[in-house]
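Here the structure is laid out as structure tokens; the discussion comes afterwards.
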Amino acid sequence: MPISEATSEILSQKVLSFRQRFGEPHFYLACHAALPLALTPDLLYRLWANFQRDIHGEVLQVPWIAVADLLLSSLCQEVTYEIYEMDAIVRNILLNELKNTNRFGTERISELANFLLDYVRENLTSPDIERRDLAQAQRWAALAYTQPQESARDLATKLAELSLDEKIERVRLSSLIETLAEPLIEAELEPLVIYAQAMSYFARGNLTRAATIFAALPTETAAIEIAGVRLPIPDIQKVAEQILPPVPPLQIVEFNIAQLVQEPRRFGIGRRWVVRSQHGQTQYFTENLGEGIGMELVSIPGNHFWMGTSELVKNLPAQERPHHQVTITPFFIGKYPVTQQQWQAVATLEKIRFDMNLDPSRFKGANRPVEGVLWREAVEFCDRLRQHTGKPYRLPSEAEWEYACRGGTTSAFCFGETIMPTLACYDGTEKYGSRLTGRSQKATTDVGSFGVANRFGLYDIHGNLWEWCMDHWHENYEGAPTDGTAWVTNDKYQYRVLRGGSWIDEPKYCRSACRNGVAPTNKILTIGFRIAVSFVNSSNSIE
């Protein structure tokens, strides 16, 4: 994704601040640490121990405490336990400094790359898939700076091996290539970077944008050869129908919409909040999971909406800004969060990549939402359901989730500017923007038990459980996609987005715009999810 000038300037200032605060020796270590895609305390300590001198033999005088100072600084973000990552722009700033300094230059880049290749070699054959994938990514990064043709050949080969259904891996690999764009472009391998960008959009379903980028490739055929590897260019028109099956037969469902409004009290003394009920109607289909268990998915029409929190609203987190317009294409999303009986039905289907705990929930109940689910388990649920049904089930993007949650509203909650404990499952002893309080449920509740939906016909969209989204966590919306697709990077360890709040949270954390990010390995009893799916011939068009 393109990065704004403002974001680039902020990150440049962050690097400068680190240099001014800690001094040159610490800065030298930071420059050396920028070549790996991810850092661990062990890797950084070994970098410190092995690169005590510059290429002329002069001692760098980097103290051992610099290892901890760097990992705990603003240059690094812990993306999971003892795995840290630098922003791609920060890495490039530091590596350019290393390359253009007489004390280091390209000779030191080569030394670092060879060191990293040796360091990850053992893990390339590890039985742990995540450790193996990280080692392979580190290897490609090292080769990009020393043997770019070999790196490009390996990356292109991996891309060519992926099927169209392997969307997550395709996006991850494409994002990795974009991270390595600078050394690859210097080696005259820009077509690989362009191809990766196009495939990233293609995998996320933005076929129009993908076609535009594919058109920029220097080829007039349906393929391009990069580093000796033939990469096919998909026929967007034909592939669309293969990727997105037609909409299944739809039914009409009616529901009650709750709206919190203020009206004068009796005799005109003050005002009070009251719930007004409205009638709603939408289309949906039911996915049959067997043994009488179904999963209802509601039609969400395409449109434009303003995502996040307006700059005019005070005392709310900067992570909800900037307020920006997003275009959403039609899709379907779960009427409710995934329940425990739905989870168990899918958990018995054929395994794709990961095992699924058959009964992970603490709060038991067939119609209670499943909780204690890892992000990758939620993705595994979607993958198993996709293979079983032939429909491309997935987690919603963060933009899709907020759009679906708001249901056309611009208020703090889909019910209005406040919320009350008779409408949702949250910590009702706390209030938001009103005096409306009550009791706390102290546990999840059966889905749909409050009997009210938002304007799109979705239940439990505020509270009950935080819900996983497909996106990686970013500190704000600078540079975020505006087409409704998920904002992902090449780092599978980076935090993932949660939305909606939970049974234990104050109402301010259950707002439509509220965002949270946690490690994908986070497995607690406040996290669940609902699923989404897109089809090729939805009748709901963007207005």
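Just so it is clear, none of the values below were taken in a lab; they were calculated from the coordinates. Quantities reported herein were computed from a predicted structural model and do not represent experimental measurements. Please note: Cβ atoms are built from the backbone with ideal geometry, for glycine as well, and neighbour counts cover all protein chains shown.
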* Structure fact -> Over all Cα pairs of segment 265-380, the Kirkwood radius sets Rh, and Rg/Rh then becomes 1.10
* Farthest toward positive dipole pole in the chain [+1 Lys/Arg, -1 Asp/Glu at C-beta], among Phe332, Ala203, Gln251 -> Gln251
* Asked: With a Cα-only, solvent-free Debye model of the chain, what are the log10 I(q)/I(0) values at q = 0.06, 0.09, 0.10 Å⁻¹?
  -> -0.33, -0.72, -0.87
* Taking each pair of different alpha-carbon atoms in segment 251-533 once, compute 1/r for the pair, average those values, and report the inverse of that mean as the Kirkwood hydrodynamic radius in Å to one decimal. => 19.1
* To do: Grab the eigenvalues of the alpha-carbon gyration tensor for segment 254-304, scale each by 5, take roots, and send me the semi-axes largest first in whole angstrom.
  => 38, 15, 8
* Please turn the phi angles of segment 140-155 into ³J(HN,Hα) values with the Karplus equation 6.51 cos²θ - 1.76 cosθ + 1.60 (θ = phi - 60°), one per residue in order, whole Hz, x for glycine and proline. => 4, 5, 5, 5, 4, 9, 10, 10, x, 5, 5, 4, 5, 5, 5, 5
* To do: Please count, across segment 251-533, the pairs of lysine residues with Cα atoms under 22 Å apart that sit 8 or more places apart or on different chains.
  => 14
* Distance between Cα centroids, segment 78-98 to segment 413-490: provide it in whole Å. => 33
* **Residue-by-residue Karplus 3J(HN,Hα) for segment 502-508, coefficients 6.51, -1.76, 1.60, Hz, glycine and proline x** => 9, 4, 9, 8, 5, x, 4
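Taking only DSSP H segments of four or more residues, each worth -39500 (n - 2.57), what value at 222 nm results for the chain once the sum is divided by all its residues, to the nearest 500 deg cm²/dmol?
Working: 16 runs with 186 residues, N = 543.
So the calculated ellipticity at 222 nm is -10500 deg cm²/dmol.
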* Beta bridges per DSSP with both ends in segment 402-543, % antiparallel, nearest 5 -> 75
* Size-normalised alpha-carbon gyration radius of segment 5-242, reference 2.2 N^0.38 Å -> 1.08
* Short version: ³J(HN,Hα) in whole Hz for each residue of segment 312-318, in order, from phi by Karplus 6.51 cos²θ - 1.76 cosθ + 1.60 (θ = phi - 60°), x for Gly and Pro, what are they? -> 6, 8, 8, 6, 10, x, 5
* To do: Take every Cα pair under 8 Å in segment 251-533 that's 6+ residues apart, average their separations, divide by the length, and report that relative contact order as a whole percent.
  => 23
* Asked: Over segment 144-211, one equal point on each Cα, no solvent: what is log10 I(q)/I(0) by the Debye formula at q = 0.13, 0.24, 0.25, 0.27 Å⁻¹?
  -> -0.32, -1.00, -1.06, -1.18
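I need the Kirkwood Rh of segment 356-415: take the reciprocal of the average 1/r across all distinct C-alpha pairs and report it in angstrom.
Values: mean 1/r = 0.0721 Å⁻¹.
Mean inverse Cα-Cα distance, inverted, gives 13.9 Å.
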* Structure fact -> For Arg103, the net charge from surrounding residues (Cβ-Cβ under 13 Å; K, R +1; D, E -1) works out to -3
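Counting only Cα atoms, I'd like the Rg/Rh figure for segment 399-523, Kirkwood definition for Rh.
On the way: Rg = 14.7 Å, Rh = 15.1 Å.
Across segment 399-523, the Cα-based Rg/Rh ratio is 0.98.
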* In a solvent-free Debye calculation with one equal scatterer on each Cα, what is log10 I(q)/I(0) for segment 26-123 at q = 0.17 Å⁻¹, listed in the order of the q values? -> -0.71
